[in-house]
Amino acid sequence: MKLGFIGVGAMGLPLAGHLLNAGHALAVWSRRPEAAAPLLAAGARICASPVEVARHAEIVFTMVTAGEDVAAVVFGEEGLIHGGRTAGGQFSTLVDMSTIAPAMTRKIATRLKEQSISMLDAPVSGGVAAAINGTLAIMVGGPAETLAQVRPLFDLLGKTIVHVGENGAGQVAKACNQMVMVAAIQACAEAMHLAAASTVDPLKVRLALLGGAAGSRVLEVFGVRMVNRDFRAGVEARLHHKDFGILLDEAHRLGSPLPIAALVGQQLNALMGHGWGRDDTASLLRVVELESRPT
Amino acid sequence: MQVGFIGLGLMGCPMALHLANAGHSLHLWARRPASLEPFKDIDARAHASAAAVAKHAEIVITMVADGPDVAQVCLGAGGLGEGAAGKSGLIIVDMSTIAPAVARDIGAKLAAKGIEFLDAPVSGGEVGAKAATLTIMVGGNAAAFERVKPLFEKMGKSSTLIGDCGAGQVAKACNQILTGVGVAAVAEAFNFARKSGVDPARVREALLGGFAYSKILENHGQRMLDRNFKPGFKAWMHQKDLRIVMEEAHKLGLMLPGAAATAQMFNAMVGSGLGEEDSIAMLKLLERMSGSE
């Protein structure tokens, strides 16, 4: 199949690689061309603009940071939209795997539909490791027939592909995912901190807990980073901070209280304020430690 | 003075009337013609656009709902900026509550057109607007502030120049943290007293003499005891103002746990149909959530 990929960062690069390795033709655009170099070596076509990608690809994947970035890539001056079928290009389906606001996704999908271009929102969970291993959880919003067409490609990228509902539903699921996960990271940080403050070995506490009802992926993955005080990113905390901005904004819009998420959001604000945005979200432990340090 | 006024709602209408009563000539533009009704027998001219208001006035005051409305009135087609083309010395005074960043942005764009801009949000609610006892928090240029001060004095009991453009909105955001968290605290205290079998009215009376004294305990507290939930200041407006606060905190990497918890309670109020009531209906929410209705 003729595919396109835009946004070849830590997550996007391995995903694009999986599509290429499965034998698909892949057109790639990157703001920083050097980021796409490994794909060029593997046979991808490196394009000068999103519209050039659209001229060569039917299905285009995007994996960028924010809603504004997706909108710019699609509707900008050299955007994908100018390479649709009516404009003599190939572009007929957008698969946006970025994490953006549900309302923004719906707006983009509606505008694309006017040009007979179909869209899926397909944010993912699992981090860089799962992207490399092709074991992501993919949460999909959009028309069932579009998903049916894209599903074989998703199978190359993830192990759990759930059709959540209409356009935007994938992003809603992702917001829920972020709430549950980061709240768990915060709980984990507090537990590790309580153990240390009680002069009990956090390593042993974590081990004991993993076998019981408090056992979780977060305790497993983030717990070990906290115990080892290894705060290098896995997922950069600034991305979780961005996601909390989105979901608390939705809560406001819906008149729906999220008391725990709101407090976790404040811990993330403090993390950002200390300049740890490019470190791992396990740094929430450092925020808790600061709060209890005598001044 | 020739004074423009845009935004003749619950707050704006009495504020504009105070200016007219002080002998100023008003120039008005309203989206809904019904808003102009109270001005038909006084020295006030209705115009077809904000631009026309800017042509006739030396100072224009805006009092609208949110940042995008202010931007539209100031910078949009047919807006104040358009009407002020080729004219010098116009001052626009925005008394709405909007995000500091939006105020700074509008201020910069107007400055590029040679128009002075003050952000001058108020505290005191509809009661304060009617009684001309508002507290006015101003950001912007000191010379412009001095020129507008005589008008502020007709609408409020105090006006303070806090700092540069946006500083008034920062002060208002601080005000909304204190009042939002304060209302929640009084509501929690009263619900706690009642659930403990103690009369909240007696608790309030006792507390008024001590360190927990506050205007909110005194005024809002009394209205809670009277179960008078008529606005005043609507819960959805406080929800909006706290959103501005929380978005600033997000941008600044700033931790505001108390305000964050309170903002969620305002979300719950709006979601459960209390948005049009006074923000003291926080008490009803707490009663409902703790089964003490």
Once you place label points 7 Å from the Cα toward the Cβ at residue B:105 and residue A:204, how far apart are they in nm? 5.6
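If one computes P(r) from the Cα atoms of the protein assembly as shown, what percent of pairs lie at distances over 31 Å?
Working: 103695 of 172578 pairs.
Value for the protein assembly as shown (Cα pairs over 31 Å): 60 percent.
Using only the Cα atoms, what convex hull volume per residue in Å³ does chain A have?
On the way: hull volume 41.4 nm³, N = 295.
It comes to 140 Å³ per residue, whole-number rounded.
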Using only Cα atoms and rounding to the nearest 10 degrees, what angle (0 to 90) does helix B:100-112 make with the longest principal axis of chain B? 10
The range A:172-292: relative contact order from alpha carbon pairs under 8 Å, six or more residues apart, as a whole percent, is 36
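Would you mind checking the pairs B:87/B:130; B:109/B:154; B:40/B:157; B:40/B:172; B:149/B:172 and listing those with alpha carbons more than 22 angstrom apart? Write out the running numbers ahead of the final one.
Numbers: B:87/B:130 33 Å; B:109/B:154 29 Å; B:40/B:157 27 Å; B:40/B:172 33 Å; B:149/B:172 18 Å.
Violating the 22 Å limit, Cα to Cα: B:87/B:130; B:109/B:154; B:40/B:157; B:40/B:172.
May I ask you to sort A:210, B:26 by Cβ crowding, counting other Cβ atoms within 10 Å and putting the fewest first? Show your work: numbers first, answer last.
Numbers: A:210 14, B:26 24.
Going from least to most buried by this count: A:210, B:26.
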Amide H proximity to residue B:45 below 5 Å, modelled H, separation 5+ or other chain, gives B:26, B:27, B:28
Need the C-alpha centroid separation for the range B:113-187 versus the range A:270-286, integer Å. 35
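What FRET efficiency do you get for residue B:2 and residue A:75 if R0 is 56 Å and r is their Cβ-Cβ distance, rounded to the nearest 0.05? It would help to have the intermediate numbers written out before the result.
Working: r = 44 Å, r/R0 = 0.79.
E(calc), rounded to 0.05, equals 0.80.
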Label model pair residue A:65, residue B:164: point-to-point distance (7 angstrom along the Cα→beta-carbon line) in nm is 2.4
If we restrict to alpha carbons, what Rg and Dmax does the range A:201-258 come to, in Å? 15.6, 44
Quick one: compute the contact order of chain A, relative version, from alpha carbon pairs under 8 angstrom and 6+ residues apart, as a percent. 13
Which of B:246, B:1, B:255 comes first, and how do the rest follow, when ranked by fewest Cβ neighbours within 10 Å? B:1, B:255, B:246
Take the alpha carbon atoms of the range B:239-293, find their center, do the same for the range A:162-192, and report the distance between the two centers in whole angstrom. 22
Considering the dipole of the range A:2-165 built from charges on the beta carbon (Lys and Arg +1, Asp and Glu -1) around the Cα centre, which of A:122, A:158, A:83 is farthest to its positive end? A:158
Using Cα atoms only, what is the angle between the long axis of helix A:217-227 and the major principal axis of chain A, expressed in degrees (0 to 90) to the nearest 10? 60
Work out the length of the dipole vector of the range A:77-135 about its Cα centre, built from +1 on the beta-carbon of each Lys and Arg and -1 on the beta-carbon of each Asp and Glu, and round it to the nearest 20 debye. 200
Using the Kirkwood formula on alpha carbons, the hydrodynamic radius of the range A:72-158 in angstrom works out to 13.8
Percent of all Cα-Cα pairs per 5 Å bin for chain B, counting from 0 up to the last occupied bin, reads 1, 6, 12, 15, 17, 15, 12, 9, 6, 4, 2, 1, 0, 0
Projected area averaged over all directions for the convex hull of the alpha carbon atoms of the range A:1-108, nm², comes out at 6.1
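Using square roots of five times the C-alpha gyration tensor eigenvalues, list the equivalent-ellipsoid semi-axes of the range B:166-271 in whole Å, biggest first.
27, 14, 13
With a/c under 1.5 counting as rounded, go ahead and sort the range A:36-90 into rounded, prolate or oblate using the C-alpha gyration tensor (a ≥ b ≥ c being the square roots of the eigenvalues; past the cut-off, prolate if a/b is larger than b/c, else oblate).
Verdict is oblate for the range A:36-90.
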Suppose every Lys and Arg Cβ carries +1 and every Asp and Glu Cβ carries -1, with no other charges. What dipole size does the range A:124-283 come out with about its Cα centre, to the nearest 20 debye? 260
Hey, how much of the P(r) for the range A:183-294 falls beyond 17 Å, as a percent of Cα pairs? 54
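Counting Lys and Arg as +1 and Asp and Glu as -1, each charge on the Cβ, what is the dipole of chain A about the Cα centre in debye, to the nearest 20? Walk me through the intermediate numbers first.
Details: 25 positive and 25 negative charges, 51 e Å.
Once rounded to the nearest 20, the dipole reads 240 debye.
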Sorting A:192, A:237, A:256 by the position of each Cα along the dipole of the range A:172-292 (Lys, Arg +1; Asp, Glu -1; all at Cβ), the one nearest the positive end of that ordering is A:237
Would you mind calculating the relative contact order of chain B from Cα pairs under 8 angstrom and at least 6 residues apart, reporting the percent as a whole number? 13
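Total Lys pairs in chain A closer than 24 Å by alpha-carbon, pairs eight or more apart in sequence or interchain only? Write out the running numbers ahead of the final one.
Details: A:2/A:113; A:2/A:159; A:107/A:174; A:107/A:242; A:113/A:174; A:159/A:174; A:174/A:242.
Here the count comes out as 7.
What's the average, rounded to a whole number, of partner chain beta-carbon atoms within 10 Å of each residue's beta-carbon in B:236-249? Could you put the intermediate results ahead of the total?
Values: counts 1, 0, 0, 2, 1, 0, 1, 5, 0, 0, 8, 4, 0, 5.
The mean count of partner-chain Cβ atoms within 10 Å per residue comes to 2.
Select from the range B:170-213 those chymotrypsin sites (Phe, Trp or Tyr not before Pro) which occupy a DSSP coil region and have at most 15 other Cβ atoms within 10 Å, ordered by residue number. Don't jump to the answer; show the numbers that get you there.
Values: sites: B:190, B:192, B:211, B:213; in loops: B:211, B:213.
Those that pass, being in a loop and sparsely packed, are B:211, B:213.
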Euclidean distance of C-alpha centroids, the range A:82-116 and the range B:38-75, integer Å: 40
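Quick one: A:199, B:160, fewest Cβ neighbours within 10 Å first, how do they rank? Write down the numbers at each step before the final one.
Details: A:199 6, B:160 16.
Lowest to highest Cβ neighbour count: A:199, B:160.
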Just name one of B:8, B:133, B:68: the one whose Cα is farthest towards the positive end of the charge dipole of the range B:2-164 (beta-carbon charges, Lys/Arg +1, Asp/Glu -1). B:8
Checked the range B:72-120 against the a/c 1.5 cut and the a/b vs b/c comparison, axes a ≥ b ≥ c from its Cα gyration tensor; verdict prolate
Taking the range B:17-118, the whole-percent share of alpha-carbon pairs separated by over 21 angstrom is 30
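Read the figures in this text as sums done on the coordinates, not as results from a lab. These numbers come from a predicted model, not from an experiment. As a convention, Cβ positions derive from the backbone with ideal geometry for all residues, glycine included, and neighbour counts pool all protein chains shown.
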